[in-house]
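Undergrad: Before I ask anything, here is the structure I am working with.
The values are calculated or read from the model by the stated rules, or taken from the named source; none is laboratory data. Remember, it's a predicted structure, so these values are computed and weren't measured experimentally. Glycine also receives a Cβ, built like all others from the backbone with ideal geometry; neighbour counts cover every protein chain displayed. Calculation scope for accessible area: heavy atoms of the full protein, side chains included, ligands and nucleic acids excluded. Shrake-Rupley method; radii C 1.70, N 1.55, O 1.52, S 1.80 Å.
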Amino acid sequence: MWWSLYKKEWQESLFRFAVSLALLTAAYVFIYIFMERETPLVFAVSLAVVFLHIFYLFIMLLASLIKEWKENTSHLWMNLPVKGYVLLSAKLAAAFTQFLISISYAIVAADLILQRAVRMFEDSAAEGLTGIISMLVPLFRELIPWVLLAVTNGALQLGIAAMFIFIFSKVVRPFGWLAAIVLTVLTNYIYTWIKNIPLIERITEWTPLLKGEEIQEKIYSLYPGGAEIMDGSEGIVTNVYLGQIAAELLVLAGAFFLISWLLDRKAEL
Amino acid sequence: MGLTFDNNRPIYLQLMEYLYGQICRTDLKPGEKLPSVRELAVKVGVNPNTVSRTYMEMERKDIVVSKRGQGTFVTEDITVIQELRKKIADDKIGDFILMMNQIGLKNEEILQLMEQKMASRKEEEE
Amino acid sequence: MNEPEIYLKNVTKKYLRQPALENISFQLKGSGVYGVLGENGSGKTTLLKLIAGLLRPSSGTVKVMHRPVSRLSSKDIAYLSDADSLYSFQSAQQLIHFWEKVAPDFSKDKAFSMIRELNLDVNMKIKNLSKGNRARLKLVIALSRQVPVLVMDEPLSGLDPLVREDILKLIVMNADVEQQLLILSTHEVSEVEAFLDHVIFMKDGKCILEENAEVLREQKGQSLVATMREVLA
């Protein structure tokens with residue numbers, strides 16, 4: 001049952017996915033070729049790529065849901081004798097699979113681009129900088145899982161927000177979407193506040209996966225000058241805990257089931 | 001779709017008259033199976049429930065019998081069919097005489113007209 | 001299958017402040033074909049969507065099979081929209097396999113036998129089918145569901161006369177009207193006259209008459225078309 005829905009979502013979104021991959025490929029080629037000119041455009045394009053990935057689930061889920069209503073297939077979709085969480089998870093999973101493919105592609109592209117950048121700078125860089133340049137690629141490779149984790153977390157949050165905003169617009173009419181945006185921002189604000197309560201921090205800070213200090217040490221060992229630059233900014237070095245990730249996922253799952261409930265019980269065609 | 005109905009009268013009654021005609025003419029022979037509810041519904045262009053109701057009414061009047069799981073059959077009791085034919089004829093003739101009386105014909109005149117008509121029809125056939 | 005039942009009590013539906021339905025109450029019990037008749041804009045579509053659990057009443061209760069309706073009532077209700085509601089990227093074959101997997105009550109065999117009778121090309125993408133064939137295919141899906149309640153919103157509107165006749169035939173042949181409750185809306189009464197067991201006349205969001213079709217013909221000695229003209233005047 002679920003697989004059929006998942007397949008249907010893939011089929012439906014394939015064109016959008018292909019377009020986004022094509023656009024990204026153009027972006028990577030552009031960066032790869034034009035980076036030696038050091039135009040600010042390269043920087044802008046790179047930033048756009050990162051943002052596209054953070055907003056990937058948001059855009060794709062919203063597009064999928066809007067299309068469902070715009071093309072009247074919602075009449076059929078809403079009448080499927082299937083629980084809301086199954087319908088929505090199929091959409092989420094299809095978009096998430098595409099997100100993973102897209103971001104893997106982005107990482108490979110970034111790696112290649114970085115290698116070329118390193119080769120370029122090695123020839124021209126000043127004496128003291130060769131050290132830091134030579135460690136860029138290994139550092140990138142070591143840190144990329146954590147970047148991936150952060151981007152995925154952000155993308156998931158935004159994806160859930162997109163579903164909430166859309167479904168809520170079908171619960172409260174008109175301007176349900178506006179109310180939903182306000183609610184989302186408010187919830188996020190409260191959530192951040194709760195996360196930073198010392199008690200909550202203590203509850204969630206278990207099983208550290210990434211120790212910020214170790215990373216810092218590593219950087220300093222490669223580039224001793226860094227310690228001086230970073231001096232006095234110890235506060236920004238934080239750890240990533242398994243507990244935090246679990247809490248984050250739990251909250252997302254809760255929001256997801258709330259949205260499913262809204263779809264089943266409150267949403268209108 | 002084969003039959004046109006007068007939508008001003010209940011359809012099940014009209015369908016019953018149509019089937020009675022078939023039975024009396026022995027287009028549907030004693031003991032013969034009637035079409036299934038669905039078949040007849042599609043054939044004459046009505047709702048299957050209307051056909052069911054028609055069959056039920058006919059069964060109540062012993063013109064047909066339904067056998068569980070097999071369908072509905074015309075009764076094998078020929079006297080019932082003969083009586084049905086007689087009753088329909090009786091009703092129709094009664095209506096006919098009433099109508100003729102209403103346009104001022106006396107019974108003898110009606111008989112005379114009938115005989116003339118019958119004779120001319122016989123000639124046409126020959 | 002349990003005996004189908006639809007129950008409405010003091011149902012009002014407003015869009016913003018504009019009432020679309022006003023204080024509707026009736027109970028439909030048992031199988032058969034129920035026609036919701038009325039002019040365009042009389043609230044037929046809103047009524048059917050409420051029954052199918054796709055809209056919520058502003059006040060009042062809608063129950064199907066003794067339970068308040070919601071989207072989840074779709075396990076008891078097959079809803080046929082008046083819109084082009086099929087996924088255009090699927091083929092008929094994919095559509096049927098999709099439904100077989102998604103709806104436990106869906107009879108694949110029934111669907112394919114209807115498709116064969118209609119001579120539809122199962123491999124053609126739905127977007128390439130003619131309008132009439134899309135309407136037929138949509139109907140095949142609804143009729144292949146073995147659920148107590150079938151809700152059909154204007155199954156005939158916007159189609160050629162020949163297609164309309166075909167679609168009526170398809171419904172009569174394949175709706176299990178001895179077990180299922182089929183409720184359909186139309187503004188063309190004459191075409192469905194002979195198919196209805198029961199009629200619900202709608203005007204300006206109100207239900208003005210709800211009666212058995214044969215009883216109406218018997219009592220009034222006139223066709224439903226004439227009765228409709230009378231009560232909607």
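Undergrad: Please sort by residue number the trypsin sites (Lys or Arg not before Pro) in region B:35-125 whose DSSP state is loop and whose Cβ has at most 12 other Cβ atoms within 10 Å.
TA: Sites meeting the loop and neighbour criteria: B:Arg68, B:Lys106.
Undergrad: Any idea what diffusion coefficient region B:42-126 gets from Stokes-Einstein, in µm²/s, Kirkwood Rh on alpha carbon pairs, 10 °C, 1.306 mPa s?
TA: 96
Undergrad: Which whole number gives the average count of other chain Cβ atoms within 10 Å of the Cβ atoms across peptide A:261-268?
TA: Per-residue shielding by partner chains comes out at 4.
Undergrad: Over region B:79-125, how many percent of alpha carbon pairs lie in each 10 Å bin up to the one with the longest distance?
TA: 25, 35, 34, 6
Undergrad: Under a crude label model (7 Å from the Cα following the beta-carbon direction), how far is B:Ala89 from A:Gln11 in nanometres?
TA: Using points 7 Å along Cα→Cβ, the separation is 6.6 nm.
Undergrad: Determine which residues of region C:35-64 fall in the zone a paramagnetic label at C:Ser157 would reach in this model, i.e. backbone nitrogen under 13 Å from the point 7 Å along Cα→Cβ.
TA: C:36-49
Undergrad: A further question follows. Roughly what % antiparallel, to the nearest 5, for the DSSP beta bridges in region C:5-232?
TA: Of all bridge pairs located within region C:5-232, approximately 55 percent are antiparallel.
Undergrad: For region A:74-82, in order, what is each residue's ³J(HN,Hα) by Karplus, 6.51 cos²θ - 1.76 cosθ + 1.60 with θ = phi - 60°, in whole Hz (x at glycine and Pro)?
TA: Running phi through 6.51 cos²θ - 1.76 cosθ + 1.60 with θ = phi - 60° gives 4, 4, 8, 4, 5, 8, 5, x, 9 Hz.
Undergrad: Looking at region C:9-91, which trypsin sites (Lys or Arg not before Pro) are DSSP coil and have at most 11 other C-beta atoms within 10 Å of their C-beta?
TA: C:Arg17
Undergrad: Net charge around B:Pro30, counting only other residues with Cβ within less than 10 Å of its Cβ (Lys, Arg = +1; Asp, Glu = -1)?
TA: -2
Undergrad: What's the local net charge at C:Gln94, with K and R +1, D and E -1, over the other residues with C-beta under 15 Å away?
TA: Summing Lys/Arg as +1 and Asp/Glu as -1 gives +4.
Undergrad: Can I ask one more? Suppose we look only past 19 Å in the calculated P(r) of region B:11-76. What percent of the Cα-Cα pairs does that tail hold?
TA: 19
Undergrad: Read phi for every residue in region C:31-44 and hand back ³J(HN,Hα) as whole Hz from Karplus 6.51 cos²θ - 1.76 cosθ + 1.60, θ = phi - 60°, with x for Gly and Pro.
TA: Each residue of region C:31-44 in turn: 6, x, 10, 10, x, 9, 10, x, 6, 4, x, 8, x, 4 Hz.
Undergrad: Oh, and also: Between A:Tyr189 and C:Phe26, take the C-beta separation as r, use R0 = 45 Å, and let me know the FRET efficiency to the nearest 0.05.
TA: Between A:Tyr189 and C:Phe26 the formula returns 0.40.
Undergrad: With θ taken as phi - 60° and the coefficients 6.51, -1.76 and 1.60, list the Karplus ³J(HN,Hα) couplings across region A:106-111 in order, rounded to whole Hz; mark glycine and proline as x.
TA: 4, 5, 4, 4, 5, 4
Undergrad: Please work out, to two decimal places, the log10 of the ratio I(q)/I(0) at q = 0.09, 0.16 Å⁻¹ from a Debye calculation in which every Cα of chain C carries one identical scatterer.
TA: Ignoring solvent entirely, the Cα scatterers give -0.36, -1.15.
Undergrad: Okay, moving on. Taking a cut-off of 15 Å between Cα atoms, list the aspartates and glutamates near C:Lys125, but don't count ones fewer than 8 places away on the same chain.
TA: Result set, ordered by chain and number: A:Glu12, C:Asp84.
Undergrad: Using only protein heavy atoms and a 1.4 angstrom probe, determine the accessible area buried between C and B, summed over both sides, in Å² to the nearest 100.
TA: What C and B bury together is about 1800 Å².
Undergrad: Place a point 7 Å from Cα of C:Asp204 in the direction of its Cβ. Which residues in region C:30-68 have their backbone N less than 17 Å from it?
TA: C:38-44, by backbone N distance to the label point.
Undergrad: Would you mind classifying chain A by shape? Square roots of the alpha carbon gyration tensor eigenvalues, ordered a ≥ b ≥ c; an a/c under 1.5 is rounded, otherwise it is prolate if a/b is larger than b/c and oblate if not.
TA: oblate
Undergrad: Still on this structure: Among the lysines, select those whose C-alpha is under 26 Å from the C-alpha of A:Lys211, and discard any that sit fewer than 8 residues away in the same chain.
TA: Partners within reach: A:Lys195.
Undergrad: Using amide H atoms built in the peptide plane, which far-off residues or other-chain residues are under 5 Å from A:Val171 H to H?
TA: HN-HN under 5 Å from A:Val171: A:Glu268.
Undergrad: Can you give me the distance in nm between label points at C:Asn123 and A:Glu205, each placed 7 Å from the Cα along the Cα-to-Cβ direction?
TA: Label at C:Asn123, label at A:Glu205, 6.5 nm between them.
Undergrad: Roughly what % of Cα-Cα distances in region A:8-116 sit above 21 Å, to the whole percent?
TA: Counting pairs separated by more than 21 Å, the tail of P(r) holds 44 percent.
Undergrad: Express as a percent, rounded to the nearest 5, the fraction of DSSP beta bridges in the protein assembly as shown (both residues included) that run antiparallel.
TA: The antiparallel proportion sits near 60 percent.
Undergrad: Give me the net charge for the shell around A:Val137: Cβ to Cβ below 15 angstrom, other residues only, Lys and Arg +1, Asp and Glu -1.
TA: So the environment of A:Val137 carries a net charge of +1.
Undergrad: To the nearest 20 debye, what charge dipole does the protein assembly as shown have about its Cα centre, counting +1 at the Cβ of each Lys and Arg and -1 at the Cβ of each Asp and Glu?
TA: 580
Undergrad: So who's got an amide H within less than 5 Å of the one on C:Gly32, skipping anything under 5 residues away but keeping other chains? H placed 1.01 Å off N, in plane.
TA: Residues meeting the amide H criterion: C:Gln180, C:Leu181, C:Leu182.
Undergrad: Suppose we keep just the alpha-carbon trace of region C:1-76; what are its Rg and Dmax in angstrom?
TA: In Å, with Rg to one decimal and Dmax whole: 12.2, 40.
Undergrad: May I ask for the angle, rounded to the nearest 10°, between helix A:212-222 and the longest principal axis of chain A, with both axes built from Cα atoms and the value confined to 0 to 90°?
TA: Approximately 30 degrees, to the nearest 10.
Undergrad: Loop-only GluC sites (Glu not before Pro) in region B:33-92, please: DSSP not H, G, I, E or B, and at most 16 other Cβ atoms within 10 Å.
TA: Listed in order of number, the matching sites are B:Glu76.
Undergrad: If you don't mind, there's one more thing I want to ask. In degrees, nearest 10, range 0 to 90: what is the angle between the Cα axis of helix B:11-24 and the longest Cα principal axis of chain B?
TA: It works out to around 80 degrees.
Undergrad: Dividing the convex hull volume of the Cα atoms of the protein assembly as shown by its residue count, what figure in Å³ per residue is obtained?
TA: 214
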